[in-house]
1. Can you say whether residue 253 is touching an Asp or Glu at 6+ places or on another chain (Cβ under 8 Å), part of a helix (DSSP H, G or I) and surrounded by fewer than 19 Cβ atoms within 10 Å (Cβ to Cβ), as far as the supplied structure shows?
2. Among the residues of the stretch 83-128, which ones are closer than 25 Å to residue 155 by Cα and charged (D, E, K, R)?
3. Inside the stretch 72-120, can you point out the residues that are touching an Asp or Glu at 6+ places or on another chain (Cβ under 8 Å) and free of Cβ contacts under 8 Å to residues at least 12 places away in the same chain?
4. Can you work out which of the residues in the stretch 367-386 that are modelled with pLDDT of 95 or more and part of a loop (DSSP other than H, G, I, E, B) is nearest to residue 478 (Cα to Cα)?
5. From 243, 190, 222, grab the single residue that is without any contact (Cβ under 8 Å) to a residue 24 or more places away in the chain and touching a Gly at 6+ places or on another chain (Cβ under 7 Å).
6. Looking only at the stretch 463-481, how many residues end up being touching a residue at least 60 places away in the same chain (Cβ under 8 Å), surrounded by 13 or more Cβ atoms within 10 Å (Cβ to Cβ) and in a loop (DSSP other than H, G, I, E, B)?
7. Within the stretch 104-176, which strands (runs of 3 or more DSSP E) (wholly inside it) include 1 or more residues that are crowded, with 19+ Cβ neighbours inside 10 Å and within 15 Å of the chain's Cα centre (by Cα)?
8. If you go through the stretch 442-458 one residue at a time, do you hit one that is crowded, with 16+ Cβ neighbours inside 10 Å, assigned to a loop (DSSP other than H, G, I, E, B) and touching a helix residue (DSSP H, G or I) at 6+ places or on another chain (Cβ under 6 Å)?
Amino acid sequence: MPKEISLSQTAPSVEPDNTEPRRLAAIDLGSNSFHLLVANYQHERLQVVARMGEKVQLAAGLDENGYLSEAAMQRALDCLGRFAPFLTGIEDAHLRIVGTNALRDAHNSQTFIERAEAQLGHAIEIIAGREEARLIYLGAAHALAESGRRLIVDIGGGSTEFIIGEAFEPRALESLRMGCVTFSSRFFPDGELGEKRMRRAELAALSELANIQRPYQRLGWDDPVGSSGTIKAAASVLFAYGDSPQEGVITRSGLKKLRERLLKCKQLDKVELDGLKPDRAKVFPAGIAILNAIFEAFNLSQMRFADGALREGVLYDMTGRNSPEDTRSKSLDALKRIYDVDSRQAENVADTALHLFNNVKKAWGLTQEQGHYLVWASHVHEIGLAISHSQFHRHGAYLLEHSDLAGFSRPEQRLLAFLVRSHRRKFPTKEWQSLPASHQEGCAKLARLLRLAVLLNHSRSENVSPIPVISAKGQALTMTLPASDEPTLLSTDMEQEQAYMTAAGFTFSVL
């Protein structure tokens, strides 16, 4: 049985310099609010340099067909324009911009992303719901000094995340499609606020919670904690009216009194409460309906507020990237175990791919981060064999694109899926052209290197096969094979690869 080797042992890595602080930045493109956080990271701690937040209400700009309005996109772009000066001088590797539920749902999210990327000069990642939950937990856990098992709840504009975890390790992650902006549009569309509408919103939230209620209660927790805007605002209002035993704590009895105060307002535009910021007032009743349902479903007596949230989690997650603690490597290691990947073959292909990468890195202008994706794809290129040998590259691509992979954004999973899809047979031109235009050239180069690494290990020997000389000039690749009077398996494979590359419009020469 071959020794199991972790991806973090083989991926290119950069040793962090702990002597100087690293300037990190995160932007959270939420369905209700956009947030910017800039901090220095040193000695495993964050020191906040700048923090900004604006109510953009992106989810409110989604029409009945699921398209973001021009007005909503412009509000978002104007906000990002105000964030932009704080990003000056921050390295690309130290900045992440993540989009959540509204951008997950919008059919024209790519249109907005392209405009926002052009404005900021940096890539934007849409993250899946459970990845959002993981990052929220990471941010909240760092804000809490106490030990024990926690339930973390984060009510956003378009989704609500639920996490049970201990220390910095989540045990259960879920993202439900309910948020203060979307519920406000759904249950209070004309601004009228009454008992029947509030209860309908609560029942809808209870319906969403039904799927996780029992498994979460079985897992259990010692400490219910809330993060982000709605819960922070609820705690603030309760404290202002003396309905909380201490600042930052929400009780069930206090929540009941808050609900009664909201119903007396009768209309969303007349919601005015001590401790409540005016820019949150119109979506606050919908958020409280969701919070009431959470207390009811989980039979909570109280919940306390914690400062850490998604943006803090993004920064802490960034500090472990491209290191042995990279969550992405751990996720793919788990995937290899689930699908019983041949570790020796995966390791041989990864070693060969990395050797090829290093040979052409300079000529092709490839980055260290791209090297990580090539190695990761090498390790999981055969996961589709667990489903069927026929078309296993397609099966593997599907699994990578649609699995919940902690640490990866949706674009990152799509890149991995493309590399696995393209590692054998005809080059998938249609799938390649459907990638964002800015990613196509780099993805094609990585795919071509992976294809060659797989072919060079076609014999599946116990050791890495000898690697021929390879060079790159422009888009063209040239490989020099050992001299032989008769055709070999390798020369036959490379002859076929020449035909595939020519058909795809690439130049590949074999000498």
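The values are calculated or read from the model by the stated rules, or taken from the named source; none is laboratory data. The structure presented is a predicted model; accordingly, all values stated were derived computationally and were not measured. Neighbour counts run over all protein chains shown; Cβ positions are idealised from the backbone, glycine included.
1. yes
2. Hits for the stretch 83-128 are 96, 104, 105, 125.
3. none
4. Result: 381.
5. After ruling out the rest, the residue left standing is 243.
6. 3
7. So the answer is 160-166, 169-176.
8. Yes, the stretch 442-458 contains a residue that is crowded, with 16+ Cβ neighbours inside 10 Å, assigned to a loop (DSSP other than H, G, I, E, B) and touching a helix residue (DSSP H, G or I) at 6+ places or on another chain (Cβ under 6 Å).
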